[in-house]
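One structure is given below, encoded as structure tokens.
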Amino acid sequence: MLGPGMTVLIVGAAGGLGFYAVQLATQAGARVIATGRATQFALLRGLGADAVIDHTAAEVAPQLLNLVQDGADVVIDLANAGPRLERSADAARTGGRLVSPLGGPSSFARGVQAIYAGTAPVPGRLDALAEQAARGALRIVIGATYDFADARQALIDLATRAQPGKGDHHLLTVPHVERTDMTARTSPLAMVMQAAPIESPAEETA
Ligand SMILES: NC(=O)c1ccc[n+]([C@@H]2O[C@H](COP(=O)([O-])OP(=O)(O)OC[C@H]3O[C@@H](n4cnc5c(N)ncnc54)[C@H](OP(=O)(O)O)[C@@H]3O)[C@@H](O)[C@H]2O)c1
């Protein structure tokens, strides 16, 4: 769907999905305009964004229309639903497309058609993405790396987003577990749960 000569706006580009959307749209040859916070601009440009918009500074659609007078061919909105999604559709050109992982109306004003991608991957697509990542053609942004002993803190940071703007990916370095020991009791997940019983930070400080 995306290709050279097309402009795509990616709203929510500095998130778990957005990092990949920016890279894949760039690979397709599209001109990519990504939203994020000012502190994330360098990262977004590093992933391939041609231009960046601060979604915390002002409404995104007018900022996009300042850059691309006719609007984007495609708006991929990974952050909004309801009336805010409608405002994102204002950034698409007449007859353009709006893509969302969530849901909403099938079309918007000026003939903008909606595509709701859902969560079911196209068969074989995940394998192809994993292969790209393995050979370094798709960058995985790691927000933080923790030793296994710090699994509890890793889970708390993930739940409370202690590191905003770094995406969802937290890497836990897990000690080697012999395959014969992979019982329910000693599986990596069970080990994390034993090492890091989860309490909310509020409970912890009470
Ligand atoms: N991750 C998955 O595997 C997956 C799969 C299917 C569906 N989904 C759905 O897809 C959506 C995105 O997922 P995600 O994992 O990418 O989420 P995420 O990691 O939380 O990223 C969302 C990004 O959107 C930004 N954002 C929030 N409100 C915004 C706004 N009004 N305008 C512009 N940007 C805004 C956030 O920035 P700040 O908060 O820093 O401002 C953040 O960078 C979610 O609704 C999720 O439920 C996710």
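Since every read-out is calculated from the coordinates, none of them should be taken as a lab result. Quick caveat, the model's predicted, so the values are computed rather than measured. No Cβ is skipped: glycine too gets one built from the backbone with ideal geometry, and neighbour counts run over all protein chains shown.
Which of the residues spanning the stretch 91-119 are away from the ligand (no atom under 13 Å from the Cβ) and part of a loop (DSSP other than H, G, I, E, B)? Within the stretch 91-119, 105, 106 meet the criteria. For residues in the stretch 9-54 being within 21 Å of residue 113 (Cβ to Cβ), within 15 Å of the chain's Cα centre (by Cα) and more than 9 Å from the ligand (Cβ to nearest atom), which is surrounded by the fewest Cβ atoms within 10 Å (Cβ to Cβ)? Here the residue is 24. Looking for something closer than 22 Å to residue 161 by Cβ, crowded, with 17+ Cβ neighbours inside 10 Å and out of contact with any Lys or Arg (no Cβ under 8 Å at 6 or more places or on another chain) - is there at least one such residue anywhere in the stretch 62-73? Checking the stretch 62-73: not a single residue is closer than 22 Å to residue 161 by Cβ, crowded, with 17+ Cβ neighbours inside 10 Å and out of contact with any Lys or Arg (no Cβ under 8 Å at 6 or more places or on another chain). Here residue 57 clears all of (1) within 10 Å of the ligand (Cβ to nearest atom); (2) over 19 Å from the mean Cα position of the chain (by Cα) except the condition numbered (1).
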